[in-house]
Each structure stands twice: as C-alpha cells, then as structure tokens.
Amino acid sequence: MNFRKVNRLRGSLKVPGDKSISHRAIMLGSLASGTTEIHHFLKSGDCLSTISCFQHMGIEITKNSSIVQVKGKGLRGLSQPDSILNAGNSGTTTRLLSGILCGQHFTSTLTGDASVQKRPMGRVIEPLSLMGANIQSTLGNGCVPLQITGKALKGIHYTSKVASAQVKSAILLAGLYGDGITKVTEPSLSRNHTEIMLRSFGCEVTSNDSTVSLTPGSPLEGQKVVVPGDISSAAFFLAAGLIVPDSEICLSNVGVNPTRAGILQVIEQMGGNISLLNQKSDNQEPTADILVKTSNLHGVTIEGSMIPTLIDEIPILAVLACFAQGTTVIKDASELKVKESNRIDTIVKNLTSMGAHITATEDGMVIDGGYPLTGTFIDSQKDHRIAMSFAVAALASKGTTNIPDSGCVSISYPGFYEDLGKLIESPSNPF
Ligand code: S3P
C-alpha cells in the first residue's frame, strides 16, 4: 500500500478494544463458571487466536454480534485439545496460556507463527518449572513448540528479571492452580490488567508497588467485561494529529490505566497539545476521551520505569521524535529486540532510509529530530506496529511511502487504514 502527505486530519474516532484486556477476558471467562459477556472485544488476529485455542479445549465462544459470549466451565473444566494449540502471532496468547496449561489434567502442545517461534519462552519456562510444572521447549531452543503436562503446582515468590506483564500473568494464572500464595516481584510495574480482571472475577489478588500476590481457592465467576479503547492503537492517531499541520482529532473512550498510558506523559513532556476529557474511573480500568492538536514538539529522554508503560508505543514515539526539535534518547528498552520483530532494528533501519538522523544503541536509540523525512520502501517485517507507525510517518513526509506488507495491521487493528481515511476525508471540524 502507498501513503503520501496529507494537508490536515480532522474528526473523531472510537478506537477498537484493548488487545491485552480482550485476551484476558477470553481466558478468565473460560476458567470462570457461568457466562462472560465481553463488550467492545477486539476482533483482531491475535485475539481470535486466543478464542481458537480455548475453543479447541471445549469452551463455547460466540462472536457473531458486537458482544462476545464465553460459556465458562470453571477452573477445572478445560478438556484436552483435539490438536496442537496455535497462538499465531500472539506472544500474549502463548505466554499467558502456557501458565494456564501447566495447571490442567492433560498434556498439550502450544506453538505459533514464524515470529512467535523466535520469541524467548525461557522467561516463562523457568518460573513455571519452579512451580513444579512439566513444560519443555520441544526443540530445546527455549522457544515454542512447548509441550506442557499439567501437574500439581506450588505457590512461589518469583522475582522477575524483566518487567513483563506476560511473564507476571503466566505465573499468576498458574498460581490459580497452586497449593498456596503465589507472588511476583518485577523490576518495575508492568501493565496490571490481569490483576484487575482477576479481582473482578472474584480472585484474591493484592498489589504492593511492583509485587503482586495471589491467593488461590476462590472460584472465578463469569462477568460482564466492557473493554476500553486500546491506547496502543490510539497512539497512532495521537502522533498523526501532532505532526500533520492544522489537525484536531478526538479519540473517544480510550483506556488510560497509568500502567499503560506512559505515552500521554511523554507527549506532554515533548510539548504536545493533548487534553483528557470526560475522564471515567468507575471501574478499575479508567478511560478518557483524548483531544490532540498539531504541536511544536521537542526531544526528551524516555527511560527506566517509564519504559514498561509505553513499550508498544516506542515505534510511533520514534517517528514523533523525528518531527521534534532536538534530541530524543530512548534507553532501558532492550525488550524491543524480542517483540514481533527486533524493533530497534526495524525502527532504525526504516527511519534511516527515510532520512532520519537516528542511531541504534544496545538498549534503545538516539534520534536527532527536525530533519525532513522522505517516503521510500518500508520493510515492516510483518510487524503490525511498525507498519502503522510508518503509515503515520508518511502523512507528514515528502514523496511516496510504500509498505508492501501493510495487511499485517490486522493483528491488532483490522480497520486501521479505513479509520485513518475517515480523518483525512472529513472536511469540517466536528467539535
Ligand atoms: C502484553 C505485554 C507486553 C506487550 C504486549 C502485550 C500483555 O509484553 O508488549 O504487546 O498483554 O501482557 P511483555 O510482557 O513481553 O512486555
């Protein structure tokens, strides 16, 4: 697909449901008793992979209307899958599901696509083995396929080397089957959607700084889950609104959980004109409408405990940094190397080919902003967030940007290009 400069972006959008929360709603709904009703579920490639895995374990999930219904069978109600479980491109499905599978009464095999097959699973194999699980990387390379035989599990206190919600969640979900309390301490707090949703399903979970503690024993009960808009999807329109001249965009009902919303703080530090309207925190996943206007930006340093709160937004923040005056430094982000692609490489190579002044470092990148970008061929490595980031960069760059694998956005945002088109075509200011 080809992308070019646009004059302005105007309008309002409701971005699709949060990917992390949608995955968790299917998982907990399957392990709960009764029906879980999920509103604004994200029907994207990754979340459909989670649905398919649970359907293969005997869970009835209907997704015909705008509401997804999960007929849960309780903690011990999954049945042995009739085939290998395939998580597709989804690291979240792979890691969280591996925690659940360790507590079952059957043996299963879990695999994924070429990208997932390269992603490190040692980070879940190690703690789950300490809990007593029988979980093996069948090729012996620390990656999927994983063969998992359910066992009686022990509660542990695990101190993780990485701030990863996927690792934390895998351990907590296995902890549902433990013989006592399971605790996870992370170097800094990662997204806490699992903790919040476990509590709302009736599980005893307490949090203290970056330590979370789960006491097993309470049955999970099916819930109505209303999924907020995904801030990681909203991020592309926030950036587009900031860098395209004469723009004003309102994104409604976006999840602004502080463990996810680091990008909002960074945009403010960069001098971006954004405001949060209609803020709601009636459940523990707060939401807001976000209004963004074209802004003069300046470079910032993004590091430390901030990184897990915006890890998926770094590709689009790197694009933003190219349009900011001065230097932006991104450090403490070596996790970028083990995402859907090696995102330090894919960001730096593609932005360099557009004319950006950007250098890769061991744990991030340094960007000297203010140099104009020119469209070129983009190799997204079929990484959805890279494709969307460069589609946005193209809107404020000279010439034509060609993204051959643009369809990969369906992993997290199937209607991305249509939604972007609505903002380009909308002739008047709707506010
Ligand atoms: C996710 C956690 C993050 C994030 C991913 C979704 C989750 O991964 O990058 O897109 O839903 O728990 P890590 O836990 O590997 O940081």
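The values are calculated or read from the model by the stated rules, or taken from the named source; none is laboratory data. Since the structure is predicted, the reported quantities are computational estimates derived from the model, not experimental observations. We place every Cβ from the backbone using ideal geometry, glycine too, and count neighbours over all the protein chains shown. Heads up: the accessible areas ignore ligands, DNA and RNA and are worked out on the full protein's heavy atoms, side chains in. Shrake-Rupley method; radii C 1.70, N 1.55, O 1.52, S 1.80 Å.
Taking Lys and Arg as +1 and Asp and Glu as -1, the other residues whose beta-carbon sits under 15 Å from that of I411 total -1. When the helices of the chain are scored as -39500 (n - 2.57) per DSSP H run of n ≥ 4 and the total is divided over every residue, the value at 222 nm lands at -8500 deg cm²/dmol.
Segment D345..N273, full-extension length gain: 22.9 nm, with 0.36 nm per residue of separation and the alpha-carbon distance subtracted.
Size descriptors for the chain: radius of gyration and Dmax over Cα atoms are 21.1, 62 Å. Note on K63: aspartates and glutamates with a C-alpha under 15 Å away, same-chain residues under 8 apart excluded, are E37, D46. By its C-alpha gyration tensor, with a ≥ b ≥ c as the square roots of the eigenvalues, how is segment 193-258 shaped: rounded for a/c under 1.5, else prolate for a/b larger than b/c, else oblate? Prolate, because a/c is 1.5 or more and a/b exceeds b/c. With all protein chains kept in place, the per residue accessible area of segment 316-428 amounts to 36 square angstrom at a probe of 1.4 angstrom. Just so you know, the Rg over Rh for segment 36-154 is 0.97, from Cα atoms, with Rh as the Kirkwood radius.
Most simply put, segment 230-385 has about 85% antiparallel DSSP beta bridges, counting only bridges with both residues inside it.
Judged by the gyration tensor of its Cα atoms, with axes a ≥ b ≥ c, segment 229-373 is oblate; a/c meets the 1.5 cut and b/c is at least as large as a/b.
Highest GNM mean-square fluctuation among S49, S252, S275, for the chain modelled with Cα contacts below 10 Å: S275. Rounded to two decimals, the Cα-based Rg/Rh of segment 344-431, with Kirkwood Rh, is 1.01. Restricting attention to the chain, close to 70% of DSSP beta bridges with both partner residues there are antiparallel. In this calculation the C-beta distance from S79 to T327 is compared with R0 = 45 Å, giving a FRET efficiency of 0.20. Of the solvent-accessible surface of segment 1-99, computed with a 1.4 Å probe and all protein chains present, 45% belongs to carbon and sulfur. Label reach from D209 (point 7 Å along Cα→C-beta): in segment 160-187, amide nitrogens under 12 Å belong to 185-187. Looking at segment 32-118, the DSSP beta bridges with both ends there are about 85 percent antiparallel.
Each of H105 and H157 was given a label point 7 Å from its Cα along the Cα-to-Cβ line. The distance between the two points is 3.4 nm.
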